[in-house]
Each structure stands twice: as structure tokens, then as C-alpha cells.
Ligand code: AMP
């Protein structure tokens, strides 16, 4: 089956076409600056990258270019060759605990959830509409960032705020990165041949979250009502005292939205280092003796370590710790420091094995109480796999 995995943002559209069940990647690419001028797209095919500057007035135009590329490059002969399309949808609220086939009812529900993800869901919906218009006969599937976390218990997903906020408005922890954490759990569980694993999955990228998983069910995760909370991220603050918001509004004469924007876009590694949100720049800063870069990275490592310790406790002892995403897969020093900080759990790294980037690897020593793995994530493949399962 040829299955397209789609991630639509407000001005971008990323796609990967897979052949399943072989899990073969046929073509991938990104449309950028849709509807804002100077638009272009890049395509990766047979190891080659092609860039074309075209006018992308809206997502519909991008979808038409995409179909043209698929046929021109003989990836498909006709539209009938496309078996299904899987869409990333950020927020499924409490309605969806797994991926679903998109129909008119789905469109109604997802529209009603815009309040919960005012930036992401409208962009996802725009992408879905563009594909439904262009390819009405191809089955389409929604894969949610939140769905995997729906197994959390009330004790974990509720905030200790007036209960009516939860009842009336759905104020609770939802969690994000679910597609990645699910992929990691599936990969490591299959590799170790177990379906009862207790996993601490560390997704450390520009956005970061930890997830505690027991036998395939999420026990807790570090992001919350929105992706702002939990760990220190590239530009997001992670956990802060909400009283800071009115305090800064008053001091800097800012609106609530402006302060929230500061917490989302000017905080985290960027906010502390004053240099960059990108961990490669932070590492370079540390090498050059920049103290604030060192401080930013140390704060990130301590936060991750403390969440690992908490999740180890919640799981009654984890069977495995995994690192994934940009930082988790590639930053040797960050992994080393985090593991040093959880030494009390008996976790030990093997420095030689840890000298690895972006490859599935056991990086802990033989006498480590909990084995630690680098497991590269692949959300696009997970979306295609869900699409395959739902339509096959
Ligand atoms: P992601 O959001 O998963 O794409 O991850 C982006 C983050 O991964 C950025 O902070 C990058 O700096 C970081 N990253 C990617 N490659 C490396 C690398 N080789 N060493 C350190 N950090 C990296």
C-alpha cells in the first residue's frame, strides 16, 4: 500500500510517502511559507534534494503540486494508486484515544476542539480539507498527539484547581508528543520481545516531554493542558509559577497574551542562555566558556533527571529508559549529564556506547540497573502505520 503521512502547519505542509508493510520511504518534502509570499517546496527523492520556488497561495495549491510531483516522478501512475492519507492532528481532546477515519462527524468534533489548540488544530484542519477536496475518494485518517495519553488516571491528569474548571471547560492535563512516545514504546517493546515493559521515554527536541508507560499504557507525561509545561525546552519555559504572569504584565505593561508568548517563544534554552534555542549552539557556547549556556543546559539536564526519578517511582521501577528526538538522539554530552544525575537509581552509562548519534543503540553499561537506549523516533512512519492498520 502507498500511504501518505501529512503534517500541516499554518503556513507549512510536510509529507512523506511510504510503502507499507515494507516501511519503505518513497518520497518526502516540505511546502513552506504557504500564503505568506516567497513560498517554495523541497522534495527528497532517491537521496537527492530538489527545491522549487512556486506561488503557494493556500494549502490547496500545495496539495496540487504534491500530486503533480508524485505523478511526474512516477511514484504513482494515477491517484488511484494512493491508498490512504494519515494526518497529524495535535489535539483530540477526550474524544479520541486512538487514530480514526476522517468523516464529516470527525470534522464537526475537531472544529469544536479548536479552543484547546487554537494555533495547531486550525492548521491541521486546513490541511485535511485541502486533501479531502483534491482526493475525495482516498480514505483519510487522523492521528492525534494527545490520544496515547488518554490512559492517564484522574490522579495524574487533573490539576488541583476548582473541579468545575475540568467539568465545564475541560481544564486537565492532555499531554502531547503521543505519536512519538507510542512509536518508541512499540519499537523498544518489540525489540525486547515484551508487552509488559515499564518505559521512561525521553523525547528531547525543540519541544520536549517525558512519558512513563506501563505495558503500553501511559501513566503520566510531562506536558499538560498545553505543550508549555514540564521540561525546559528550546524556547518554552516548562513548569513555572502562574503568578509570574500577572506580575510581569504589571512590571512590563504587557498583555496576558504577550507574557504567554514570552513563556512560549522567548524562554527555555533561549531565555536562559540569551544565545539560542538550538542545543548545538548551546553546546558550542559551553565549549567557548559561555556560563549562561552552561547554566541553561544544566537546568535542562536536572529537570529531565528529576522527572526520570519521579517516573521511576510512579512505575515502581522502570525496565528501560529511552532517549529520542533531536537532542535525545544526538547530544552525547546531554545524555551523559542526565544519566550522571540519576546515578542514585543505579543507572550507568557506557561512555563508548554513548558515543553515537541518531542510531538505535544500547548506551548503558552491563551493570546498569536500568538499561538505557537511544531509539530514533519516526512520527511520520507511525502515522502511516496507523493509516495502514485502519484501512487494510
Ligand atoms: P527536534 O525538535 O527533534 O527536531 O530537535 C531539535 C533539537 O535537536 C535542536 O535543539 C537541535 O540543536 C538538536 N540537535 C540536532 N542535532 C544535534 C546534534 N548533533 N547535537 C546536539 N543537538 C542536536
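Taken over region 183-207, the criterion of being within 16 Å of the ligand (Cβ to nearest atom) and in contact with a helix residue (DSSP H, G or I) (Cβ under 7 Å, 6 or more places away or on another chain) is satisfied by 183, 201, 202, 203, 204, 205, 206. Among the criteria (1) modelled with pLDDT under 95; (2) under 23 Å from the mean Cα position of the chain (by Cα), the one residue 174 does not fulfil is (1).
Residue pairs whose Cβ atoms lie under 6 Å apart, separated by 6 or more positions or on different chains, with the first residue in region 315-337 and within 16 Å of residue 212 (Cβ to Cβ) and the second within 16 Å of the ligand (Cβ to nearest atom) and in a helix (DSSP H, G or I), are 322/184; 323/335; 324/184. The set of residues from region 208-217 being more than 16 Å from the ligand (Cβ to nearest atom) and either crowded, with 24+ Cβ neighbours inside 10 Å or not in a loop (DSSP other than H, G, I, E, B) (or both) comprises 212, 213, 214, 217. All conditions but one from (1) within 23 Å of residue 195 (Cα to Cα); (2) under 19 Å from the mean Cα position of the chain (by Cα); (3) surrounded by fewer than 24 Cβ atoms within 10 Å (Cβ to Cβ) apply to residue 314; the one that does not is (2).
Filtering region 338-362 down to residues that are touching a residue at least 40 places away in the same chain (Cβ under 8 Å) and in contact with a helix residue (DSSP H, G or I) (Cβ under 7 Å, 6 or more places away or on another chain), which residue is farthest from residue 286 (Cα to Cα)? Among them, the one singled out is 341.
Entry remark, region 340-363: residues being closer than 28 Å to residue 179 by Cβ and either assigned to a loop (DSSP other than H, G, I, E, B) or within 16 Å of the ligand (Cβ to nearest atom) (or both) number 11 in total. Applying a threshold of 7 Å to beta carbon distances and a minimum spacing of six or more residues, or different chains, the list of pairs starting in region 175-204 at a residue that is farther than 19 Å from residue 326 by Cα and ending at one that is within 16 Å of the ligand (Cβ to nearest atom) and assigned to a strand (DSSP E or B) reads 199/322. Consider residue 10 carefully, then state whether it is surrounded by 13 or more Cβ atoms within 10 Å (Cβ to Cβ) and either at pLDDT below 95 or not in a strand (DSSP E or B) (or both). Spelling it out, residue 10 is indeed surrounded by 13 or more Cβ atoms within 10 Å (Cβ to Cβ) and either at pLDDT below 95 or not in a strand (DSSP E or B) (or both).
The values are calculated or read from the model by the stated rules, or taken from the named source; none is laboratory data. Small disclaimer: the values here were computed from a predicted structure and weren't measured. All Cβ positions, even for glycine, are placed from backbone atoms using ideal geometry, and neighbour counts span all protein chains on display.
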